[in-house]
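S.K.: Dropping a structure here in structure tokens format, bear with me for questions.
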Amino acid sequence: MKQFEVASIPGDGIGIEVVPQAERVLKAVADVHGGLAFQFHSFPWSCQYYIEHGVMMPENGLEQLKPFDAIFLGAVGDPNLVPDHISLWGLLIQIRREFEQVINMRPAKRLDGIQSPLQNPKDFDLVVIRENSEGEYSTVGGRIHSKEDEVAIQNAVFTRRGTERVMRYAFEVAAKRKCFVTSATKSNGIVHSMPFWDQVFKEVSEGYPAIKTESQHIDALAAFLVTKPASFDVIVASNLFGDILTDIGAAIMGSIGIAPAANINVNGKYPSMFEPVHGSAPDIVGKGLANPIGQIWTAKMMLDHFGEEELGSFLLDAIERVTRKGIVTADLGGAHSTDEVTTAIIDELYNAPSV
Ligand code: ATP
């Protein structure tokens, strides 16, 4: 029996509602499969925890998380209790940075039964692989002088190690999918970092002769994600470009409530973290309106990460059979509750041909 030890951090707002639902689903997946088990260890770190203890997590919080196979996170942030910069930097960003989660991965796929804002989205199924530790979001730079003499400098940092790493990761993912990688560039306007990005892309691609490649300037690429999303497989992007593209990906899926994400540690020293794209959504807390699919699809990404890709596909199929039947929450135009959608997915798992 394979046992996966998962650190659960439901966090704030609807995170507290959707994480237990996704755990129910994973337990059902394990039950149907028969040969594996999940052990969830829940950590109460959140804005409420901050009010009680003055910190988002204990001083040895990272030490506590380190031995786990993965971190399963809901949402962090409740601006009514704690300013966002404190809650984010005190928990989420610390975990991402200290655990060297250098890759961010967000799929975007059309699901049957879910209305995309695009008139004819076709069957798009893509994943954006974003560099998560450097690029345009480096902290190198500063401000000097004041008033009309004021100067602000923000340096973008592209290391060969970080750039090669994200590209190799993208090629490996593509090799398991449709064998096509698109590089998001802007070497016609950004004259140092982006020609370097292009050069590394070309060099890395030579190691993967079976994978088709293309480079697109970020402005055109953003437009193509709207006009022809079905033409993409894997998109590899720098930190800022990836940030923007992934929001378009979530938008064309139909609701932020279904979009999943993963922050991946690639050197195996620390656990990776799985968290949906949406935040704590304080406006819908406590009403049974939260769409659990983002968190459940995120659980599917965790299964993939554990090497259980067949089970991951099994779970995504069950999700899609439920959306196809119109069993969806209010954000997707339905009238079903968080609990009803989860239960319908679990029923589908038990009714499906076994894995
Ligand atoms: P945060 O500051 O934690 O990011 P937020 O409210 O600013 O919170 P989101 O939580 O991403 O940002 O929510 C944006 C909007 O999308 C809200 O109106 C929310 O109700 C809706 N929303 C987000 N997640 C879900 C979900 N899982 N189900 C239904 N609606 C959702």
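S.K.: Go through region 264-284 residue by residue and tally those that are within 11 Å of the ligand (Cβ to nearest atom), open to solvent by 60 Å² or more (accessible area, probe 1.4 Å) and either in contact (Cβ under 8 Å) with a residue 24 or more places away in the chain or of a type in the set (A, V, I, L, M, F, W, C) (or both).
M.R.: Residues in region 264-284 being within 11 Å of the ligand (Cβ to nearest atom), open to solvent by 60 Å² or more (accessible area, probe 1.4 Å) and either in contact (Cβ under 8 Å) with a residue 24 or more places away in the chain or of a type in the set (A, V, I, L, M, F, W, C) (or both): 1 in total.
S.K.: I've got another one for you. Scanning for something under 20 Å from A37 (Cα atoms) and surrounded by fewer than 17 Cβ atoms within 10 Å (Cβ to Cβ), does region 311-329 turn up at least one residue? Give the derivation first.
M.R.: Applying the first criterion (under 20 Å from A37 (Cα atoms)) to region 311-329 yields 311-316, 318.
Now restrict to residues that are surrounded by fewer than 17 Cβ atoms within 10 Å (Cβ to Cβ): 313.
Yes, region 311-329 contains a residue that is under 20 Å from A37 (Cα atoms) and surrounded by fewer than 17 Cβ atoms within 10 Å (Cβ to Cβ).
S.K.: Determine whether M1 is over 18 Å from N265 (Cα atoms), within 14 Å of the ligand (Cβ to nearest atom), more than 21 Å from the chain's Cα centre (by Cα) and in contact (Cβ under 8 Å) with a residue 24 or more places away in the chain.
M.R.: no
S.K.: How many of the residues in region 69-105 are in contact with a strand residue (DSSP E or B) (Cβ under 7 Å, 6 or more places away or on another chain), open to solvent by 50 Å² or more (accessible area, probe 1.4 Å) and part of a loop (DSSP other than H, G, I, E, B)?
M.R.: Matching residues across region 69-105 total 1.
S.K.: Out of the residues in region 206-262 that are more than 13 Å from the chain's Cα centre (by Cα) and within 27 Å of Q21 (Cα to Cα), state the one that is surrounded by the most Cβ atoms within 10 Å (Cβ to Cβ).
M.R.: That would be M253.
S.K.: Still on this structure, please answer the following. Could you grab me the full set of residues in region 106-132 that are open to solvent by less than 60 Å² (accessible area, probe 1.4 Å), at negative phi and part of a loop (DSSP other than H, G, I, E, B)?
M.R.: Those that are open to solvent by less than 60 Å² (accessible area, probe 1.4 Å), at negative phi and part of a loop (DSSP other than H, G, I, E, B): R110, L111, D112, I114, S116, L118, P121, F124, N132.
S.K.: Let me ask another. Can you find, within region 252-263, the residue that is nearest to P117 (Cα to Cα) among those that are within 11 Å of the ligand (Cβ to nearest atom) and part of a helix (DSSP H, G or I)?
M.R.: The selected residue is I256.
The values are calculated or read from the model by the stated rules, or taken from the named source; none is laboratory data. Everything numeric here is computed off the predicted structure, so don't read it as measured data. Note that we place each Cβ from the backbone using ideal geometry, even for glycine, and neighbour counts take in every protein chain shown. SASA here: full protein model, heavy atoms, side chains in, ligands and nucleic acids out. Shrake-Rupley method; radii C 1.70, N 1.55, O 1.52, S 1.80 Å.
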